[in-house]
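Trainee: One structure coming up, written as structure tokens, with questions to follow.
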Amino acid sequence: MKKKVFETKFKGRNLSVEVGELAKQADGAVLVRYGDTVILSTVCVSKTANVLSDFFPLMVLYQEKLYSVGKIPGGFIKREGRPTDAATLAARMIDRPMRPLFPENFRNEVQVVNMVLSVDPDCSPELTAMLGSSLATSISKIPFAGPIAGVKVGRVNGKLIINPSVKELEESDIDLTVAGTIDAINMVEAGAKEVSEDDMLDALMFGHDAIKELVKFEQKIIKEIGQEKMEYETLEIPTELRKRIYDICVKPFDKAMRIKDKLKQYEALDKVKEDVITMFEDENCELDKDELNELITKVKLCLADAEYEVFRNIVVKEKKRIDGRKMTEIRPLSTDIDLLPRTHGSALFTRGQTQSLSVVTLGALGEHQILDGLSPEDEKRFMLHYNFPQFSVGETGRYGAPGRREIGHGALGERALLQVIPSEEEFPYTIRVVSEILESNGSSSQASICAGCMALMAAGVPIKAPVAGIAMGLITAGDDYTILTDIQGMEDHLGDMDFKVAGTKDGICALQMDIKIKGITKNILKEALAQAKKAREEILKVITKQIKAPRKEVSKYAPKTMTFNIDPLKIKDVIGKGGEMITKIILEASNVNTVTDINAVKVDIEEDGRVIIYHTDKDIIDRTAQMIKNVVKEVEIGKIYTGKVIKIIDDLGCFVELWEGCDGLVHISQLSDKRVEKTSDIVSVGDEIIVKATGYKNGKLNLSRKEVLVKDKIKDEKVSKKKKTEEKL
């Protein structure tokens, strides 16, 4: 194919797609230019399929190339390594709206790779990659019910904006990413400053209108150069087999699903499946290994379909939930705080069989996270990390670095709580929240938000308002649907939507939606948001009953702070040559041998002259502050000071310390109003004497005791003369 270029204008910015020049051996490849952002999106599909697999092997990659923003990677190796959290989240954001649009029985492996080649911060590389991923797949031979597109929505001064610039986003009270097809929305990710449900719904619909423009542009390209879709191998399941299995297991499944305890329910369901599989193995023991394996795979797929149908029948037809709750009912809630005596703040939040232990740690601003990625932001002072050990679901499994799920759940919790975190000026700390999931049966990310909120308040972080989160579900059957409040594991697994909403009593702080169907309507979104608001308010009552407001003081084990300002020109004096002065201050004030000692005071000095001191001991903070102030304190020429003699040179004079870090020379000629042979005839080391600052010579301060004595002598003479005059009168 010869190179073809398709161009359009989207919201005032140039958008072009180039096809046929780069990566021509891939099954689909496009170079997308959006402003100065350039992304190469490619897709490849395996030639064979593992039809006996029970999942679709889709991999979406988002590869950040630091040359795209003119950076050389940090570290010793100096090349890009494992994906950053931002890259992982971008890959998930592309995967989520695309995955539901591949055929359900498609089992060929698909890899979508996005290479970020050039970045204009005002033209989102993540959303450009989403467009490229959709187009590369849509023009290829891979079956895909797209195209899709995504946009970011902001709101500045009440006006909604599509794909706001970095500056506009800083001023925006909504940071919404929405993706979908021309017909419906199928992915949402949002942070917001306590925005109302109606305003968020307006933003969602505003975003979808823009998505339609992008999809129409894609459709034009697909119509011109799109390939015929491939034939692919599937596992055909006889109708008789499907019916037989359904008839066998429908009643046992129905009975098992109504067991309220998760582990007992799963055990009962597994027993039904095992019995059916064993029955078919016994009936077909004459088959060879491969034939039997294929048959059992078909049986397992039929069991999964039957389980799905039984579950839907209970929820949509009977209007009941498998654990007996009402559609809008939240599972039992319990809370606790201060479980861990030595941490800076801790809280436990339990909702049904989902439980999060969240722990807060406060540190110096200098302990912020350094970001080595493509974003203009190079650091952050608030972090929420989410851990999901296998024991939380009663299983064994992999332990190691966090996976995509852990990173994604942590980012959602962080986004929700970030909206209420005080500014650096209000609370000069780096803040880390860690959520340890101890038990899980659905919506552990929202439990992390609730527990994290309480832990922050227990730690004395002056958050603007308490935040709670809830997960909503959707079960559809034709045109009929049911929205569920506080979904648990099976309702998430077998349902059509996972819609998470977090916020304060005044509005939404974070939103996330994933669906397994092709899209949902405005009415469903509106109903889900309204139902989530009621649930959120109910949870907030429980949270504020446990801890009503942030504590006035931080924990005795957390570092205390003192903040003051110095002249920015004096920063170099406080730091000293090679850090000599600040090291001396830290060691002497803390009475330690090394600045890395756990008991060493921490000092952050900002470019604007702001000094922030951290330590658990207030006396050490005061001592450090005084030492820094002494360094930057300036001597007033002509002013009289009381100082201490710290060194004597008999034929030169003595050195007098006015305050720690500031001393000057009293020349021998300035020691007395009479001739002095030796300095030691007049003063000794340790004596306190009164001196006058007379000026600087060669950068050194000169002091005079003589001028003070002469002044006092003249004063005494005047007093004596006045006294004699009064006596004569």
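Trainee: When only residues in the range 308-336 that are in contact with a helix residue (DSSP H, G or I) (Cβ under 7 Å, 6 or more places away or on another chain), at pLDDT 90 or above and assigned to a loop (DSSP other than H, G, I, E, B) count, which is nearest to Gly489 (Cα to Cα)?
Mentor: Filtering the range 308-336 for residues that are in contact with a helix residue (DSSP H, G or I) (Cβ under 7 Å, 6 or more places away or on another chain), at pLDDT 90 or above and assigned to a loop (DSSP other than H, G, I, E, B), the one nearest to Gly489 (Cα to Cα) comes out as Ile330.
Trainee: Still on this structure, I have one more. Would you mind finding the one in Pro147, Pro100, Pro125, Pro121 that is touching a helix residue (DSSP H, G or I) at 6+ places or on another chain (Cβ under 8 Å), modelled with pLDDT under 95 and crowded, with 18+ Cβ neighbours inside 10 Å? Reasoning before the result, please.
Mentor: Values: Pro147 fails: modelled with pLDDT under 95; Pro100 fails: touching a helix residue (DSSP H, G or I) at 6+ places or on another chain (Cβ under 8 Å); Pro125 fails: modelled with pLDDT under 95.
On inspection, the qualifying residue turns out to be Pro121.
Trainee: While we're on this one: Looking at the range 588-615, which of its residues are of a type in the set (A, V, I, L, M, F, W, C) and either at pLDDT 95 or above or within 18 Å of Tyr429 (Cα to Cα) (or both)?
Mentor: Within the range 588-615, Ile598, Ala600, Val601, Val603, Ile605, Val611, Ile612, Ile613 qualify.
Trainee: Still on this model: So Asp198 fits all but one of (1) part of a helix (DSSP H, G or I); (2) more than 22 Å from Thr521 (Cα to Cα); (3) among the acidic types (Asp, Glu); what number is the exception?
Mentor: (2)
Trainee: Kindly establish whether Val156 is crowded, with 19+ Cβ neighbours inside 10 Å, modelled with pLDDT of 95 or more and not polar (S, T, N, Q).
Mentor: Here the answer is no, as Val156 does not meet what is asked.
Trainee: From the set of residues in the range 545-568 that are among the hydrophobic types (A, V, I, L, M, F, W, C) and in contact with a helix residue (DSSP H, G or I) (Cβ under 9 Å, 6 or more places away or on another chain), which is nearest to Gly460 (Cα to Cα)?
Mentor: Among those residues, the one meeting the criterion is Ala549.
Trainee: Anything in the range 386-439 that is within 23 Å of Ala87 (Cα to Cα), over 12 Å from the mean Cα position of the chain (by Cα) and assigned to a helix (DSSP H, G or I)? List them, or say none.
Mentor: Within the range 386-439, Arg404, Arg405 qualify.
Trainee: Just one of (1) part of a loop (DSSP other than H, G, I, E, B); (2) under 30 Å from Asp305 (Cα atoms) trips up Glu80, so point out which.
Mentor: Evaluating Glu80 over (1) part of a loop (DSSP other than H, G, I, E, B); (2) under 30 Å from Asp305 (Cα atoms) leaves (2) as the failure.
Trainee: Go through the range 641-673 residue by residue and tally those that are of a type in the set (A, V, I, L, M, F, W, C), surrounded by 15 or more Cβ atoms within 10 Å (Cβ to Cβ) and at pLDDT 90 or above.
Mentor: Total meeting the criteria: 10.
Trainee: From the list Ala455, Ala401, Ala468, Ala459, exactly one residue is of a type in the set (A, V, I, L, M, F, W, C), modelled with pLDDT of 95 or more and over 30 Å from Val603 (Cβ atoms). Which is it? Show your work before the answer.
Mentor: Details: Ala455 fails: over 30 Å from Val603 (Cβ atoms); Ala401 fails: modelled with pLDDT of 95 or more; Ala459 fails: over 30 Å from Val603 (Cβ atoms).
Matching residue, one of Ala455, Ala401, Ala468, Ala459: Ala468.
The rows are residues; the columns are (1) at positive phi; (2) among the acidic types (Asp, Glu); (3) surrounded by fewer than 20 Cβ atoms within 10 Å (Cβ to Cβ); (4) in contact with a Phe, Trp or Tyr (Cβ under 7 Å, 6 or more places away or on another chain).
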position: Glu171; (1), (2), (3), (4): no, yes, yes, no
position: Thr177; (1), (2), (3), (4): no, no, no, no
position: Thr181; (1), (2), (3), (4): no, no, no, no
position: Met200; (1), (2), (3), (4): no, no, no, no
position: Asp209; (1), (2), (3), (4): no, yes, yes, no
position: Gln219; (1), (2), (3), (4): no, no, yes, no
position: Glu224; (1), (2), (3), (4): no, yes, yes, no
position: Ile237; (1), (2), (3), (4): no, no, yes, no
position: Cys249; (1), (2), (3), (4): no, no, no, no
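Trainee: Also, quick follow-up: What number goes with the only condition from (1) basic (Lys, Arg); (2) buried (at least 17 other Cβ atoms within 10 Å of the Cβ); (3) under 22 Å from Asn441 (Cα atoms) that Lys298 does not pass?
Mentor: Evaluating Lys298 over (1) basic (Lys, Arg); (2) buried (at least 17 other Cβ atoms within 10 Å of the Cβ); (3) under 22 Å from Asn441 (Cα atoms) leaves (3) as the failure.
Trainee: Next question, about the same structure. Kindly check whether there is at least one residue in the range 480-493 that is part of a helix (DSSP H, G or I), surrounded by fewer than 15 Cβ atoms within 10 Å (Cβ to Cβ) and either outside the structural domain of Gly413 (by TED's automatic domain parsing) or under 25 Å from the mean Cα position of the chain (by Cα) (or both).
Mentor: So far as the range 480-493 goes, no, none of its residues is part of a helix (DSSP H, G or I), surrounded by fewer than 15 Cβ atoms within 10 Å (Cβ to Cβ) and either outside the structural domain of Gly413 (by TED's automatic domain parsing) or under 25 Å from the mean Cα position of the chain (by Cα) (or both).
Trainee: Please count how many residues of the range 494-515 are under 23 Å from Arg99 (Cβ atoms) and outside any strand (DSSP E or B).
Mentor: 3
Trainee: Continuing with the same structure: Report yes if some residue within the range 378-386 is closer than 23 Å to Thr430 by Cα, at pLDDT below 85 and outside the structural domain of Val116 (by TED's automatic domain parsing); otherwise report no.
Mentor: For the range 378-386, residues closer than 23 Å to Thr430 by Cα, at pLDDT below 85 and outside the structural domain of Val116 (by TED's automatic domain parsing): present.
Residue-by-condition table, conditions (1) among the hydrophobic types (A, V, I, L, M, F, W, C); (2) in contact with a strand residue (DSSP E or B) (Cβ under 9 Å, 6 or more places away or on another chain):
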residue: Ile174; (1), (2): yes, yes
residue: Val178; (1), (2): yes, yes
residue: Asp183; (1), (2): no, no
residue: Ala190; (1), (2): yes, yes
residue: Ser196; (1), (2): no, yes
residue: Asp202; (1), (2): no, yes
residue: Phe217; (1), (2): yes, yes
residue: Ile222; (1), (2): yes, no
residue: Lys229; (1), (2): no, no
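The values are calculated or read from the model by the stated rules, or taken from the named source; none is laboratory data. Note that the coordinates shown come from a computational prediction; the quantities given were computed from them, not determined experimentally. Positions of Cβ are generated from backbone atoms using ideal geometry, with glycine treated the same way; all protein chains shown enter the neighbour counts.
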